[in-house]
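Throughout, read-outs are computed from the coordinates displayed, never taken from laboratory work. Nothing here was measured: the structure is a model prediction, and the numbers come from that model. All Cβ positions, glycine included, derive from the backbone under ideal geometry; neighbour counts span all protein chains shown.
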Amino acid sequence: MDAITIKDLDIWFGAGPTRVLAVKGADITVAAGESYGLVGESGSGKSTILRALTGLVPTWSGEMTLGGQQMVPAKRRDRSFYKRVQMVFQDPYASLHPRQSVDQVLSETLYLHGMDNINTRVEKLLSDVGLGPKFRFRYPHQLSGGQRQRVAIARALAGEPDILLLDEPTSALDVSVQAEILNLLTDLRAERGLTYLMVSHDLAVIAHMCDRLAVMRAGETVEVLSAEDLRASRANHPYTQALMANSAGTTGTPQPLESETSQTLMPAANSV
Amino acid sequence: MTLLSVKDLRVSFPTRQGRFEAVRGVSFDLGRERLGIVGESGSGKSMTGRAILRLIRKPAEVTASHINFDGRNLLDCSEREMRRIRGSQISMVMQDPKFSLNPVMTVGQQIVESYRMHNRASLKEARAKALEMLNAVSIREPERVMDTYPHEVSGGMGQRIMIAMMLVANPRLLIADEPTSALDVSVQRQVLSIMDGLVQQRGMGLIFISHDLNLVSEFCDRVLIMYAGRVVETCAADQLHNARHPYTQGLLNSLPRLDQPRRHLDVLTRDVAWAEEVL
């Protein structure tokens, strides 16, 4: 069964003359238990797709099915939806409430998901993400970037979801901490049979984490390929090849990508 | 020829648990070359860059045997002399253009101001110079960009504008503190090659601070690897992959690689001895 199906998805911001089509006709199918990657430059619409999936962007059209449930544009998602689908955001410095301790963050989330035994569940969540019980009553400013991202992952796991949407979960972190978080995500997926839809601009990270990936550019999907194809440099589209040449961990001469004019004067809503 | 010579630099902060030493005895010499400083966050690499420009405020304390720039010890300069040196002799490009450009001034005004601060020039001359600089950092339609505000340009353009502003007064040393980590891979290369070109043309010295090992090994001539406020290893940039120190090797191995799939990435195990050992 497919965990996520997107057909002919258009997402736009604004209306009238200032309307911007951020995503044009996206088609993505993610099987249950699969890990799927979206890569592209900033402004390519990859994060926008995740935000539309969680209901943070109501202005979309097309077909969207998550876990067998058909989504309706601009309709508020109910609680059972957020129990099954959760998102981990890019910047753990911005996604945690600065005046709430780890305990408050997790117990409130558990309470809202209607969980029982909140006390033991908080401890379980913390140990699942590799944080000891001593972190329970700390505030975000007392945690390092990697520890904060672990708390954000624990919060996403609180409702025991099937689908995790990961929006550049390691781009704000150091390489050494990135390795720890990526390993944690790999283990969690193996233990819980989670489905991942992961966004990143780092091809090496996506190839490490995902089975298949879609390359996006200016709102359009230019190519869908498997991680093996990417490793073996079997990319057909010149844009994917240019991205590969530009990314670290591969050898090749850097090539200039598209002109910068499409990136200038972007409306604020688009530059997520 | 040595442009900058730093000897036994120390930066410490008072905390409730006593003094915390962020930089503990860093020494290096820099000629007209590209020097990379790499390390994790908290390793003291940014503090080293800021200490050279004397940008660290009280209650932090900066000490060194000397920080000689062009035969002058920067530690002995008055605040007034430092203001003349900053920008015109030594410039610094910060990490995120979103936070380092003035949001209520147009891009053009900011570059013009920076130029006129260090050179006696009419508004017209300064404007021409600013346009020339924007051209040099490969910005198309510089006339239009001059009149935009920072929020109207993309991250990559913002960073190039920062570089233009820092280089307009023609400094002799550029300190770049993670100039590309807020940018996409594709834009990263572009910004780097522009910086590289300008550094080569003008014969400037460059200190490039970054946590991206691949980038540094490709872009710099020499690399200092910092851990817990100390330099643990110095090597030629193209030899970085043969680095001997376990910390450097650990950093290199923790990167996911396209050509070597692994189920688990190696996690850096830190040895307490690294922080204490003397080179």
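Below are the figures for this structure:
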quantity: Selection from the range B:233-260 of residues that are of a type in the set (Asp, Glu) and under 15 Å from residue B:222 (Cα atoms); calculated: B:233, B:238
quantity: Cβ-Cβ under 7 Å pairs, at least 6 apart or on other chains, the range B:88-101 side within 14 Å of residue B:160 (Cα to Cα), far side part of a strand (DSSP E or B) and among the small types (Gly, Ala, Ser); calculated: B:93/B:176
quantity: Within the range A:144-162, considering residues that are surrounded by fewer than 21 Cβ atoms within 10 Å (Cβ to Cβ) and among the charged types (D, E, K, R), the one farthest from the other protein chains (Cβ to nearest Cβ); calculated: A:160
quantity: Count of the range A:20-44 residues which are charged (D, E, K, R) and either more than 21 Å from residue A:169 (Cα to Cα) or part of a strand (DSSP E or B) (or both); calculated: 2
quantity: Per-region count, the range B:253-279, residues within 22 Å of residue A:227 (Cβ to Cβ), surrounded by 13 or more Cβ atoms within 10 Å (Cβ to Cβ) and of a type outside the set (Ser, Thr, Tyr); calculated: 8
quantity: Residue that is nearest to the other protein chains (Cβ to nearest Cβ) [pool: residues in the range A:132-143 that are assigned to a loop (DSSP other than H, G, I, E, B) and among the charged types (D, E, K, R)]; calculated: A:138
quantity: Residue satisfying condition, being within 12 Å of chain B (Cβ to nearest Cβ), out of contact with any Asp or Glu (no Cβ under 6 Å at 6 or more places or on another chain) and farther than 21 Å from residue A:51 by Cβ, within set A:188, A:184; calculated: A:184
quantity: Filter pass, residue B:198 being within 14 Å of the chain's Cα centre (by Cα) and of a type in the set (A, V, I, L, M); calculated: no
quantity: Counted residues, the range A:192-212 - those being away from chain B (no Cβ under 14 Å) and part of a helix (DSSP H, G or I); calculated: 1
quantity: Candidate set: the range A:47-64, residues that are touching a Ser or Thr at 6+ places or on another chain (Cβ under 8 Å) and within 24 Å of residue A:90 (Cα to Cα); chosen: the one nearest to the other protein chains (Cβ to nearest Cβ); calculated: A:57
quantity: All positions within the range B:196-214 that are touching a residue at least 60 places away in the same chain (Cβ under 8 Å) and not charged (D, E, K, R); calculated: B:198, B:199, B:203, B:204, B:205, B:206, B:207, B:208, B:209, B:210, B:211, B:213
quantity: Strands (runs of 3 or more DSSP E) contained entirely in the range B:10-84, each with at least 2 residues that are within 18 Å of the chain's Cα centre (by Cα); calculated: B:18-30, B:34-38, B:66-69
quantity: Matching residues, the range B:117-152, being part of a helix (DSSP H, G or I) and hydrophobic (A, V, I, L, M, F, W, C); calculated: B:117, B:123, B:126, B:128, B:130, B:131, B:133, B:134, B:136, B:145, B:146
quantity: Test: residue in the range B:199-214 that is among the polar types (S, T, N, Q) and either touching a Lys or Arg at 6+ places or on another chain (Cβ under 7 Å) or away from chain A (no Cβ under 12 Å) (or both); calculated: yes
quantity: Residue B:269 vs. criteria out of contact with any Cys (no Cβ under 9 Å at 6 or more places or on another chain) and not charged (D, E, K, R); calculated: yes
quantity: Meets criteria (under 14 Å from the mean Cα position of the chain (by Cα) and either away from chain B (no Cβ under 14 Å) or not in a helix (DSSP H, G or I) (or both)) for residue A:165; calculated: yes
quantity: Residue list for the range B:243-272, filter: away from every other protein chain (no Cβ under 13 Å), over 25 Å from the mean Cα position of the chain (by Cα) and of a type in the set (A, V, I, L, M); calculated: B:272
quantity: Filter pass, residue B:104 being within 19 Å of the chain's Cα centre (by Cα) and β-branched (Val, Ile, Thr); calculated: no
quantity: Qualifying positions in the range A:55-86 - touching a residue at least 12 places away in the same chain (Cβ under 8 Å), more than 20 Å from residue A:131 (Cβ to Cβ) and part of a strand (DSSP E or B); calculated: A:60, A:61, A:62, A:63, A:64, A:65, A:66, A:69, A:85
quantity: Residues that are in a loop (DSSP other than H, G, I, E, B), buried (at least 21 other Cβ atoms within 10 Å of the Cβ), more than 11 Å from chain A (Cβ to nearest Cβ) and touching a helix residue (DSSP H, G or I) at 6+ places or on another chain (Cβ under 8 Å), drawn from the range B:154-177; calculated: B:168
quantity: Test for residue B:240: is it in contact with a Gly (Cβ under 6 Å, 6 or more places away or on another chain), surrounded by 22 or more Cβ atoms within 10 Å (Cβ to Cβ), in contact (Cβ under 8 Å) with a residue 12 or more places away in the chain and within 14 Å of another protein chain (Cβ to nearest Cβ); calculated: no
quantity: Members of the range B:135-153 found to be surrounded by fewer than 21 Cβ atoms within 10 Å (Cβ to Cβ) and facing chain A (nearest Cβ under 10 Å), listed by number; calculated: B:138, B:140, B:141, B:144, B:148, B:151, B:152
quantity: Boolean, residue B:114 is among the polar types (S, T, N, Q), surrounded by 20 or more Cβ atoms within 10 Å (Cβ to Cβ) and part of a helix (DSSP H, G or I); calculated: yes
quantity: Test for residue A:234: is it surrounded by fewer than 21 Cβ atoms within 10 Å (Cβ to Cβ) and either within 13 Å of chain B (Cβ to nearest Cβ) or free of Cβ contacts under 8 Å to residues at least 40 places away in the same chain (or both); calculated: yes
